[in-house]
Amino acid sequence: MSVMVVVGAQWGDEGKGKVVDLLTENADVVVRYGGGANAGHTLVVGGAKVVLHLVPSGVLHKHTTCVLGPGTVIDPAVLLEELRVLDEKGFNASSRVFVSDRAHLVMPHHKVIDGLREARAGAIGTTKRGIGPCYEDKTGRRGVRAGDLRDRRKLEARVRAAHEAWAPFVASLGEKLPPVDEIVANYEAFGKRLGAQIVDASALIGAAEREGKRIVCEGAQGTLLDLDHGTYPFVTSSTTISGGACAGAGIGPTSIDEVVGITKAYATRVGGGPFPTELDDETGESIRRIGGEFGATTGRPRRCGWMDMLALRYAVRVNGMTSLAMTKLDVLTGFAKIALCVAYERDGKRLDELPYDDLDDCTPVYEWHDGWTEDLGAVRAFAALPENAKRYVARLQELAGVPIAWVGVGPDRVQTITR
Ligand code: IMP
């Protein structure tokens, strides 16, 4: 194995942090290839909670080199704070976390614009981390890149250009942006602090590959939040699927050997947008409470529902998944009946494939499974799971069409069944 890509199979928050942490135990390089501080990985190590937004989860293994690839968008203040906290906890992050010089920077106006849009009607429920506006400046060819922090004149010219483009719009909505000089001074200081951590990431990854090192590309968000393949327009602004690893890390598709998808044993979503299997009732409330389903980045309660197999099969296909890791099976303990959505009904017709739009008009067709009451927290072998839990996982695997190689039965690293 040289390159493995790990992606979220649902709407994000699948528990990628824990799985990546596990899969990177033997990795040399861990790369994030998209998104920014909109992500939130909550990791539990030795009982202690660590929340990361930008730094890849693989950082918790002290032998890994971690890279924020050219496809990511970096808020330098958030990154420096995460590095400080990790350094303080003894992870030496500042000596082994690198940022691509081609990665775009989240600037103050991005967060202001994200916030202003979210305050208006038709908001999509973003994380307000400035992610969408940053990618807009990137495709609009007026973005500021991490490499620009090395050269004050270049930095100032780019900041000024973006400022001139956006200040009138921001003013029309009654807000003001900080002065250019102040932004340049702050970002220059960020650049000085990051210093030699800003690198040619693709070259670093390419060299590691030639040396036969093991590389894990860590996806952020999830398949159904992908800009092209998600539930548009309720999506994030980057390519979250495995294909995004090529552009977002700077590697060729021929380098990828394995694609692991992460899915919860049920479904959740934060922010607006369609969610056909959402449970707006006591069952949904129970899943939220037992599963601790509150956003790691924004603290928002996550919407909860049953597993949607149309969405999962779609995710298996668009990512070319070779296996799945299922998280949080333990959360379903105690439910008398557990549902799997195996099709939708719309206008009296049965749909077996995820439609491109109008998911709000789809009614799930459920297959019901008997639940179990045994606590799963201490189970370490698939054979030791209660019969009904085994049946549920086996049926899910059959419908997904790829092996479920890992099953999570609790938040700790050790609470994982490897099949
Ligand atoms: P943005 O990425 O902040 O622009 O938000 C766009 C949509 O993606 C919103 O519905 C967010 O709630 C959602 N989103 C972004 N990042 C994550 C994540 O890491 N987990 C779950 N949802 C996310």
For the stretch 1-135, percent of DSSP beta bridges that are antiparallel (nearest 5) comes out at 35 percent
May I ask you to work out the translational diffusion coefficient for the stretch 182-264 at 20 °C, viscosity 1.002 mPa s, via Stokes-Einstein with Rh from the Kirkwood sum over Cα pairs, reported in whole µm²/s?
141 µm²/s
How big, in percent, is the set of alpha carbon pairs in the chain lying more than 36 Å apart?
25 percent
Name the residue, out of ASP114, ASP375, ASP101, whose mean-square fluctuation peaks in a Gaussian network model built on the chain with Cα pairs under 10 Å.
ASP375
Calculate, in whole percent, how much of the Cα-Cα pair population of the stretch 347-410 lies beyond 15 Å.
63 percent
Taking amide H positions as placed in the peptide plane 1.01 Å from N, state which residues far from LEU177 in sequence (5 or more) or on other chains have amide H under 5 Å from it.
none
Taking N as the number of residues in the stretch 116-184, what is its Cα Rg relative to 2.2 N^0.38 Å?
1.20
Placing +1 at every Lys and Arg Cβ and -1 at every Asp and Glu Cβ, with all other atoms neutral, what dipole size does the chain have around its Cα centre, in debye to the nearest 20?
1040 debye
Report the Rg/Rh value for the stretch 59-116, based on alpha-carbon coordinates and the Kirkwood definition of Rh.
1.05
Helix-only estimate, please: 222 nm mean residue ellipticity of the chain, summing -39500 (n - 2.57) across DSSP H runs of length 4 or more and dividing by its residues, to the nearest 500.
-9500 deg cm²/dmol
Counting DSSP beta bridges in the chain, what percent are antiparallel, to the nearest 5?
40 percent
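Just so you know, all these numbers are worked out from the coordinates, no wet-lab data involved. Because the structure is a prediction, the values reported are computed rather than measured. Note that each Cβ is placed from the backbone with ideal geometry, even for glycine, and that neighbours are counted across all protein chains shown.
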